[in-house]
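Rule-based calculations on the coordinates, nothing more; no lab input. As the structure is a computational prediction, the values presented were derived from the model and not from experiment. Here the Cβ is made from the backbone with ideal geometry for all residues, glycine too, and neighbour counts use every protein chain on show.
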Amino acid sequence: MAAKKEQWLAKGHGEYHDVQDEKAFFALMKGCERMICHFHRSNQPCKVMDHHLAILAKRHIETKFCRVRHSLCAPRATRLAACTSG
């Protein structure tokens with residue numbers, strides 16, 4: 001289990017990543033078994049969600065966490081059947 005934990009940390013798990021574009025999103029998720037992505041907007045509910053996801057990212061290193069601005073990936077989010085807020 002310790003070896004797996006080291007692999008996850010080396011791949012960027014344990015952090016809440018702010019993804020700037022679609023290409024970076026797919027590069028980040030490549031090779032991940034589990035990933036949670038928040039397609040966010042600049043509003044209060046999303047800020048609260050960001051706060052809690054940052055905490056969860058540190059606690060659950062088996063899962064990679066990221067956020068992507070909704071306007072950058074709106075068509076892709078629809079195709080992924082992702083739940084978007086707002």
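Summary table below
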| quantity | calculated |
| --- | --- |
| Environment charge at I61 (Cβ cut-off 11 Å; Lys +1, Arg +1, Asp -1, Glu -1) | +4 |
| Efficiency of FRET from Cβ geometry, V48 and E15, R₀ 30 Å, rounded to 0.05 | 0.95 |
| All aspartates and glutamates inside 15 Å of K64 as judged from Cα atoms, apart from same-chain residues fewer than 8 positions distant | E6, E15, D18, E33, D50 |
| Nearest-0.05 FRET efficiency for E22 and E62, computed from C-beta distance (R0 30 Å) | 0.75 |
